[in-house]
Amino acid sequence: MAECGRKALSLLEAARSRYESLQISDDVFGESGDDSSDNPFYSTSADSNSDYTADANADHHVRAGSDTGSSQNCGPPGSLSGTQAEEEGWSDVLQDIRLPSYKDTHGPTQRIPANATAMDFFQQFVPDNVIQNMVTQTNMYAKKYQERFGSDEGWTGVTLSEMKAFLGFMTSTSVSRCESVLSIWSTGFFSNRSIALKMSQGRFEKILKYFHIVAFRSSHGSSQGLYKIQPFLDSLQQSFGCSFRPSQTQVLHEPLIDEDPVFITTCTERELRKRKKRKFSLWVRQCTSTGFICQVYVHLKEGPGPDGLDTLKNKPQLHSLVAKQLCQSLSGRNAIIFTGPSITSLNLFQDFEKQEIYCCGLLSTKKSDCTGLPQSMLMNTEGAQPRGQSCSMMKGNTSLISWYNKGNFRFLTNAYSPTKQGVIIKRKSGEIPCPLAVEAFAAHLSYICKYDDKYSKYFIFHKPNKTWQQVFWLTISIAINNAYILYKMSDAYHVKRYSRAQFGERLVRELLDLDDCSPTQ
């Protein structure tokens with residue numbers, strides 16, 4: 001028994017060391033100096049989970065593969081030959097463009113007092129009326145369930161305070177990173193006697209059994225697969241928009257959804273392959289200045305979905321529609337959106353420009369929709385080129401940029417002038433010249449990747465089987481991270497400077513209504 005305990009401790013320490021080695025600043029604004037060596041689109045590390053990194057590496061390796069020849073002969077589907085590109089208005093004559101100023105303020109929409117608690121920030125997004133609805137729906141479901149399958153003598157209706165405690169127990173897994181929430185009541189390494197006394201394990205399991213956001217499908221309501229959580233998602237979206245206004249620069253991406261670090265450390269590659277893949281993809285629009293997630297979009301990979309997205313098999317087309325859903329509220333504000341290869345396309349960027357939404361995206365000949373782009377800019381040249389060398393073509397205000405840095409990287413943008421130059425700073429290589437669009441992409445996407453690596457470890461580690469429950473606990477985790485960002489931008493942070501872990505511990509104790517709400521050191 002002692003040997004098992006020591007083994008678990010060593011594995012946990014190894015996992016913690018892996019996170020601590022990231023050396024990410026706790027500063028919510030991402031002010032980490034001038035070095036940009038961790039920028040995602042030109043990293044050659046095989047450890048990164050970023051779609052941007054994987055795509056860049058794919059473009060880098062295609063030079064030596066069999067695809068190079070075919071790309072040089074005909075180019076990606078929808079791309080234009082030299083004559084066609086000229087007829088469509090593409091030219092190597094570059095013009096300076098000026099982006100209008102941002103038409104909105106940014107930051108928290110209200111001033112939260114200096115004596116505000118972690119609960120106050122969390123309830124900006126999940127107020128009492130939302131939790132009370134969980135109470136009502138859970139009790140309704142329990143009643144109907146027992147009418148159908150027989151009485152449950154151990155069950156009594158859940159109360160508001162019990163539902164808050166239930167959420168608190170679940171949230172504690174994001175701080176302790178335990179394998180199961182039931183470990184709280186165990187005698188093992190992950191036990192937590194300080195909070196276990198608030199509710200018995202049996203009562204917790206009863207609430208977990210009947211927990212619901214929407215107990216029954218409405219006869220005249222939506223038939224789409226997320227009906228059990230859609231009202232909560234709508235409420236959360238509205239609260240995000242009412243509580244915070246993002247900066248001009250934002251990014252569309254799929255956030256890193258990390259697994260339990262202890263599980264990852266102990267399981268074999270075969271076990272990892274056998275784990276069921278999620279049946280949904282979650283996309284967000286995120287402020288690049290603060291990391292605040294402004295909007296969430298959930299797409300079910302199987303079954304019915306809203307807006308006809310379930311019928312689309314073409315990924316670029318699907319991702320383009322997801323992007324439009326995420327940016328509906330940005331029309332007319334002159335926002336700048338950064339996108340990954342699966343979203344970047346000329347047609348989407350032109351549609352956004354008509355709405356005064358401007359874009360800068362990494363382009364891939366494999367993942368992106370290359371319709372309407374000149375083939376000459378999409379082919380990799382033979383042999384090595386000087387690092388930092390670039391060439392560009394323009395069509396209207398849109399620029400297609402090819403930049404070389406240990407591989408060919410392509411960017412499509414209507415937000416930055418192709419005539420203006422920037423620089424990438426790396427510890428080992430020094431300064432590497434690049435177009436301004438490349439520098440901007442590096443600066444903003446680097447921070448988002450750091451946010452993913454830093455904050456994904458605070459996601460709730462409960463792993464339910466139901467898709468709606470997976471989405472719920474994931475979005476609750478996002479709400480807590482957003483609450484912490486609001487806290488760091490408030491006067492309350494200057495009174496007591498809690499780290500993300502301490503903020504989570506404080507929130508747990510306040511949800512459990514424990515007298516001593518000070519965070520554990």
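The values are calculated or read from the model by the stated rules, or taken from the named source; none is laboratory data. Source: prediction; values computed, not measured. Cβ placement follows ideal geometry from the backbone for every residue including glycine, while neighbour counts extend to all protein chains displayed. Heads up: the accessible areas ignore ligands, DNA and RNA and are worked out on the full protein's heavy atoms, side chains in. Shrake-Rupley method; radii C 1.70, N 1.55, O 1.52, S 1.80 Å.
Just a few scattered comments:
- Whole-Å semi-axes of the stretch 358-428's equivalent ellipsoid (Cα gyration tensor): 20, 16, 11
- Set the Cα radius of gyration of the stretch 407-505 against 2.2 N^0.38 Å, with N its number of residues, and you get 1.52.
- Pairs over the 31 Å Cα-Cα cut-off, from the set Lys428/Lys488; Lys301/Lys395; Lys279/Lys354; Lys143/Lys466; Lys420/Lys488; Lys103/Lys466: Lys428/Lys488; Lys301/Lys395; Lys279/Lys354; Lys420/Lys488; Lys103/Lys466.
- Annotation: amide H-H contacts under 5 Å for Ala415 (H modelled 1.01 Å from N, sequence separation of 5 or more, or interchain): Cys359.
- 3J(HN,Hα) from dihedral phi, the stretch 338-353, Karplus parametrisation 6.51/-1.76/1.60, rounded to Hz, x for glycine, proline: 9, 9, x, x, 5, 9, 4, 7, 5, 4, 5, 5, 5, 5, 5, 4
- Cβ crowding within 10 Å averaged over residues, with 396-402, 295-301, 480-486 ranked highest first: 480-486, 396-402, 295-301
- Gap separating the Cα centres of the stretch 185-200 and the stretch 103-134, nearest whole Å: 30 Å
- Surface exposure of the stretch 317-423, expressed per residue as accessible area with a 1.4 Å probe, stands at 32 Å².
- Sites Gln350 and Arg278, calculated FRET efficiency, Cβ-Cβ separation with R0 51 Å, nearest 0.05: 0.95
- Packing, taken as the mean count of other beta carbons within 10 Å per residue, orders the peptides 384-393, 356-365, 148-157 from highest to lowest as 356-365, 384-393, 148-157.
- Computed lengthening from Thr159 to Gln389, 0.36 nm per intervening residue step minus Cα-Cα distance: 76.3 nm
- Taking θ as phi - 60° and the Karplus parameters 6.51, -1.76 and 1.60, the scalar couplings of the stretch 399-409 work out to 10, 10, 10, 10, 10, 10, 7, 6, x, 8, 10 Hz in sequence order, x denoting glycine and proline.
- Under the simplified labelling scheme, the Lys144-Ala114 pair shows an inter-label distance of 5.0 nm, with each label point 7 Å from Cα along Cα→Cβ.
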